[in-house]
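The values are calculated or read from the model by the stated rules, or taken from the named source; none is laboratory data. Note that the structure is a prediction, hence the values are computed from the model and not measured. Here the Cβ positions follow ideal geometry from the backbone for every residue, glycine too, while neighbour counts run over all protein chains shown. Each accessible area value is taken on the protein alone, full model and side chains, heavy atoms only, with ligands, DNA and RNA left out. Shrake-Rupley method; radii C 1.70, N 1.55, O 1.52, S 1.80 Å.
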Amino acid sequence: MAAPPGVRQVSRAAQDVAMADAPTPVQGDAEGDVPAAEARRERPGLPRRATPRHASASAARHRLRKLRALLPLAAEVPVSSEPPPPPQELIAFLRAVGTALIRAGESVADVQDAVNRLGTHYGFTTVHTFAVPTGVFVRAGRAPDSVIDFAPVQGPNLRFDQIDRLYRFLDELYVHPVSPHEGAAELAEIDAMKPRYGLWPRLLGYVVMTMGLGLLTLPNTMALAGYAVLGAFVGALREAAQLAGRVMSLALPVLAAVLVTAIAYRYSGPLLGEDPTKLLIPPLLAFLPGSALTMGTIELATGSILSGASRLVYGLNVLVLLAFGIAIGHQLVTAHPLGKDASVDALGAWAAWAGVVLLGLGYVLNYSASLRTLPWLLLVLCIAKIGQELAGGLAGPLFGAFAGGVALPLATRLIERNRHAPPAQVVFLPGFWMLVPGSLGLTGVGLLLVDRKSGGLDTTATALLTVVAVALGVLVGANALAGRRVPAAGAEAGTEAIAEADRPELRPPPHS
């Protein structure tokens, strides 16, 4: 079968090069002095003898270069320069870090930034993260070889002692990276940590929290006793729900609202001389969705539409559940008339600052934070309270809420720069609950559903504006400073630590 024309032309060209470069032998043949090469030229059709074995190496290389130039199939095949994707163990570890940060109360933007930055410290720049309040997506590599993995957010929110250890562990990773297996084991230990304090200190902490918030909202001597009793009931109910399981935890906001409302409407009038609706909010502090509403507003403002909308829906759903429980409790018990004038027991202006101290102490005990955290937490709460009071005295409560939101991230970021201070998230979360936008919303809903008062609509609108003011203030304060601190060693130290550890499963293979 005849060869294709293109192949024949290349072969003839190769033969011509070989014939032109072949050295002429100096030895004649047996018939005369005519060299064998010339004799063959005179007899066309006879094949030429191949290149003699004694041909020089330089001539052979010269012919090889010409052959490569004539044969396009001999060109080198380009090699892809795309970096390889990270190992599967590292992807799983990064997902676990993202879910832990979600449970620590971080915004989705900060979670995505932290996970991507951690992947860079492990030597991989093709890690991209997408986080929502219920899950974390991690994409590794570039198309078409990229890998996308997902991990749901499971378990309750982390306590303060777990948050403290989590952020200190992440700070260590930036300087001394560990293998994904060791990192996953550390995260599992953080998740399995036992509370720092036992049952009775935690219960006492919730009672103190309730009294502190009560002094901030209604500073009254007799009401303070009511806060203590109602806080003890709700605290015991929370501890029982943790032992009972998930079903009890889901119904806990409604049960707590029913219990608090029934007791307040039965005894607050004749014993405390107070309007029962004023005693409903502080005992329900643990269920108030102020942080969810504010964080959702922040994420909507920064472009995280999906996460912000889901947080807002969650916060509104919690308000509806609490209002449903309040409505049931009101129907079970009829309010008793007031027994006396409660104004005679009103405390002075110092009560609000005493409430700040009690609130901080209650958070430390109930959420298992270290006692060394208490001074830093009180400092942040006092700074936020001062900003709120000064601005509120100048331009009203809404401007005060904005000023408190500005002061909160500024104080936490500045304090975190001290190496002895706790992570910013530990002292940042209580500030949300002290600004109390969630309690305002619950008050408005309660007035609408229980007392049928027109002021409930005004209170609800004020609560929504307060949420916006706090969220805007937090955005302004957070953008005034850089993000979370990174140890001084930086990314270069993390890369060098990986190289020195001689762990091939962490290092990307060399590009070919």
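Assuming R0 = 45 Å, what is the FRET efficiency of residue 324 and residue 175, from their Cβ-Cβ distance, to the nearest 0.05? Please report the intermediate quantities before stating the final value.
Values: r = 50 Å, r/R0 = 1.11.
The calculated FRET efficiency here is 0.35.
For region 185-323, with all protein chains present and a 1.4 Å probe, just round the carbon and sulfur fraction of the accessible area to a whole percent. If you can, show how the numbers build up before the last one.
Numbers: 4070 of 5770 Å².
Carbon with sulfur: 71 percent of the solvent-accessible area.
Considering the Cα trace of region 123-169, what is its radius of gyration and what is Dmax, both in angstroms?
In Å, with Rg to one decimal and Dmax whole: 14.1, 42.
With every protein chain left in place and a probe of 1.4 Å, what is the accessible surface of residue 239, to the nearest 10 Å²?
Ignoring ligands and nucleic acids, residue 239 comes out at about 30 Å².
Can you give the Kirkwood hydrodynamic radius of region 182-331 from its Cα pairs, in Å with one decimal? Spell out each step's value before the answer.
Numbers: mean 1/r = 0.0589 Å⁻¹.
Hydrodynamic radius (Kirkwood, Cα only) of region 182-331 equals 17.0 Å.
If you wrap a convex hull around the alpha carbons of region 114-215, what volume per residue comes out, as a whole number of Å³? Don't skip to the answer; put the middle values down first.
Working: hull volume 13.9 nm³, N = 102.
Per residue, the Cα convex hull of region 114-215 comes to 136 Å³.
For region 158-254, evaluate the Debye formula with one uniform point scatterer on each Cα (no solvent term) and list log10 I(q)/I(0) at q = 0.24 Å⁻¹, rounded to two decimals.
Rounded to two decimals, the profile gives -1.18.
Can you send over the carbon and sulfur percentage of the accessible area for region 96-170, probe radius 1.4 Å, protein chains only? Walk me through the intermediate numbers first.
Numbers: 1600 of 2970 Å².
The C+S portion of the solvent-accessible surface of region 96-170 is 54 percent.
Among 181, 176, what's the order by accessible area (1.4 angstrom probe), most exposed first?
Working: 181 135, 176 110 Å².
Solvent-accessible surface, decreasing: 181, 176.
Put 126, 277, 302 in order of accessible area, largest first, 1.4 Å probe: what do you get? It would help to have the intermediate numbers written out before the result.
Details: 126 5, 277 30, 302 80 Å².
Per-residue accessible area, sorted high to low, gives 302, 277, 126.
Could you give the Stokes-Einstein D for region 254-328 in µm² per second, using the C-alpha Kirkwood radius, 10 °C, 1.306 mPa s?
117 µm²/s
Region 84-130: Rg/Rh from Cα coordinates, Kirkwood Rh?
Reported Rg/Rh (Cα atoms, Kirkwood Rh): 0.96.
Sort region 286-333 into rounded, prolate or oblate with this rule: let a ≥ b ≥ c be the square roots of the eigenvalues of the Cα gyration tensor; rounded if a/c is under 1.5, and if a/c is not under 1.5, prolate when a/b is larger than b/c, oblate otherwise. List each step's numbers first, then the result.
Details: a/c = 5.32, a/b = 3.34, b/c = 1.59.
Prolate, since a/c reaches 1.5 and a/b exceeds b/c.
For region 308-336 and region 213-230, what is the separation of their C-alpha centers, rounded to whole Å?
Cα centres, region 308-336 to region 213-230: 21 Å.
If you count only protein heavy atoms with a 1.4 Å probe, what accessible area per residue comes out for region 145-200, rounded to a whole Å²? List each step's numbers first, then the result.
Values: 3120 Å² over 56 residues.
Per-residue value: 56 Å².
Restricting to Cα atoms and excluding each atom paired with itself, what does the Kirkwood estimate give for region 376-423 in Å? Provide the component values of the computation, followed by the final result.
Values: mean 1/r = 0.0925 Å⁻¹.
After inverting the pairwise mean of 1/r, the radius is 10.8 Å.
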